[in-house]
Amino acid sequence: MTDGPRQDGTPKRPPSAPVRDVVLNANTAFYNAFEAGDLDLMAAVWLPEPDPVCIHPGNAAIYGYAEMMRAWAMIFANTPYIQFFLTDVQVRVDEDVAYVTCTENVLSSGEGAPEDGFAGGKALATNVFRRTSGGWRLWIHHASPVLSSGGQQEEAE
């Protein structure tokens, strides 16, 4: 989104490092709220309007702020422990919209984990943020499960 000319033909400048850092901090706040299981922190991360969208791995899209907050409450109530290790983090900023892509390396306990143990998983995520008067707020979260550890080499075979 930062490459190429604007619609009026003038060249786009890459975002300054501080703006990128602010967006990355907003992204970190999302994962911190998730790990803490704190609904108030999670609510503060999201943009209530226009309708936000959240897609968790293997699930249907959740549309709208109220529905999404109910879903987060259910997730937090049923997830005793979750930790994210983010890799492959990339950020792009264009005016008042930014996105972060990353690999979520997840460690969790609860449903699906071995008894008295932890389960691991991996998802590819896109987090879209909008700049508001109160800072960068999460507008869209979409995470898709990674079903294999192979890369392009495996796909070619």
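The values are calculated or read from the model by the stated rules, or taken from the named source; none is laboratory data. Here the structure is a predicted model, which is why all the values come from computation and not from measurement. Counting neighbours? That spans all protein chains shown, and the Cβs are built from the backbone with ideal geometry, glycine included. All accessible areas refer to the heavy atoms of the entire protein, side chains included, with ligands and DNA or RNA removed. Shrake-Rupley method; radii C 1.70, N 1.55, O 1.52, S 1.80 Å.
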The one condition Arg70 fails out of (1) open to solvent by less than 60 Å² (accessible area, probe 1.4 Å); (2) out of contact with any strand residue (DSSP E or B) (no Cβ under 7 Å at 6 or more places or on another chain); (3) at pLDDT 95 or above; (4) more than 20 Å from Gly135 (Cα to Cα) is (1)
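Just to verify a result, which residue in the range 32-47, among those that are open to solvent by less than 60 Å² (accessible area, probe 1.4 Å) and free of Cβ contacts under 8 Å to residues at least 40 places away in the same chain, is farthest from the chain's Cα centre (by Cα)?
To start, the set of residues in the range 32-47 that are open to solvent by less than 60 Å² (accessible area, probe 1.4 Å) comprises 33-34, 37-38, 42-43, 45-47.
Restricting the remaining residues to those that are free of Cβ contacts under 8 Å to residues at least 40 places away in the same chain gives 33, 38, 42-43.
Working: Ala33: 11, Asp38: 16, Met42: 12, Ala43: 14 Å.
So the residue we want is Asp38.
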